[in-house]
Amino acid sequence: MTDLGPVPANPKQVVRAGYDACAAAYSETRSGVDETAELERLLDVLPTYPLTLEVGCGAGYPVGALLASRGAYIGVDISRGQLELARRTLPDACLIEGDVAELQFRDNVFDAIVSLYTLFHLPREEHADVLGRFLGWLRPGGYLFITVARTAHAGYTETDFFGTTMYWSHHEPAWYVNALEALGFSGIRESSIPADHGDRYDHPVLFARAPR
């Protein structure tokens, strides 16, 4: 990560515009990342035909394709450019353009929620509320599978993200563990998956179960 810039006036617009601009290049890099080993651990504990929500679905591959092959699937992304690619990959899937902090779903509907490389693009002041939304949308005993950042930072921009500007804001992993425990999640397991765009570090993963 180089040349950290200031927090923009509208960080979500920076994220939306950034992913619109780099959708194809980012998707090409993501196609070489393998999260399937960790995701299989999630799928192994789900019902035969689960309903899963992916927040930050991007171009729908490889994660969306795997989830959709195992059950009913809904993908959400803030970037229209990413969703245009996802519709080619997953023509039969329900794909929604929107900000997860504003979307509305019925309570207790999803068997699992997956969100990779997404939370750290939201202002971290919203992270507790988003985790609470995830809990509300999950069925009792449902599962949450999320990546988080390795360190804490209130907010910054990066100007060399696939040729565009990108915004980041995040807490350290322990903050998310504590937040999930406070919400009643249990069986929290920490692991990691490969970085998604050439970073030499892996991304921390949290796998947790909602109260039953």
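Is it fair to say Leu95 is outside any loop (DSSP other than H, G, I, E, B), without any contact (Cβ under 8 Å) to a residue 40 or more places away in the chain and within 24 Å of Phe207 (Cα to Cα)?
Against the criterion (outside any loop (DSSP other than H, G, I, E, B), without any contact (Cβ under 8 Å) to a residue 40 or more places away in the chain and within 24 Å of Phe207 (Cα to Cα)), Leu95 qualifies.
Pairs please, first residue from the range 1-12 and within 18 Å of Phe162 (Cα to Cα), second anywhere and at pLDDT 85 or above and assigned to a loop (DSSP other than H, G, I, E, B), Cβ atoms under 7 Å, 6+ apart in sequence or on different chains.
Listed by first residue and then by second, the contacts come to Pro11/Pro123; Lys12/Ile78; Lys12/Asp99.
Of the conditions (1) out of contact with any strand residue (DSSP E or B) (no Cβ under 8 Å at 6 or more places or on another chain); (2) surrounded by fewer than 20 Cβ atoms within 10 Å (Cβ to Cβ), Phe105 satisfies every one except a single condition; which number is it?
Condition not satisfied by Phe105: (1).
Considering Ser27, Ser69, which residue is more than 24 Å from Phe207 (Cβ to Cβ) and either surrounded by 15 or more Cβ atoms within 10 Å (Cβ to Cβ) or more than 15 Å from the chain's Cα centre (by Cα) (or both)?
Within the list Ser27, Ser69, the selection yields Ser27.
Could we say that Leu83 is more than 27 Å from Ala24 (Cβ to Cβ), aliphatic (A, V, I, L, M) and surrounded by 20 or more Cβ atoms within 10 Å (Cβ to Cβ) here?
no
For the range 157-195, name all the residues that are without any contact (Cβ under 8 Å) to a residue 24 or more places away in the chain and farther than 26 Å from Gly136 by Cβ.
Correct list: Ser192 only.
Quick one: which of Arg41, Arg87 is among the basic types (Lys, Arg), assigned to a helix (DSSP H, G or I) and at pLDDT below 95? Explain how you work it out, then say what you get.
On the way: Arg87 fails: at pLDDT below 95.
The conditions single out Arg41.
Might you check whether a residue that is surrounded by 18 or more Cβ atoms within 10 Å (Cβ to Cβ) and part of a loop (DSSP other than H, G, I, E, B) occurs anywhere in the range 169-189?
The answer is yes; a qualifying residue exists.
Which of the residues belonging to the range 98-125 are under 24 Å from Asp44 (Cα atoms), in contact (Cβ under 8 Å) with a residue 60 or more places away in the chain and assigned to a loop (DSSP other than H, G, I, E, B)?
Matches in the range 98-125: Leu116, Tyr117, Thr118.
Can you spot a residue in the range 126-145 that is of a type in the set (Asp, Glu), in contact with a strand residue (DSSP E or B) (Cβ under 7 Å, 6 or more places away or on another chain) and either under 24 Å from Asp99 (Cβ atoms) or not in a strand (DSSP E or B) (or both)? Full working, then the answer.
Let us first name the residues in the range 126-145 that are of a type in the set (Asp, Glu), namely 126, 129.
Filter once more, keeping what is in contact with a strand residue (DSSP E or B) (Cβ under 7 Å, 6 or more places away or on another chain): none.
No.
The values are calculated or read from the model by the stated rules, or taken from the named source; none is laboratory data. In this text the structure is predicted, and so the values were computed from the model without any measurement. Glycine also receives a Cβ, built like all others from the backbone with ideal geometry; neighbour counts cover every protein chain displayed.
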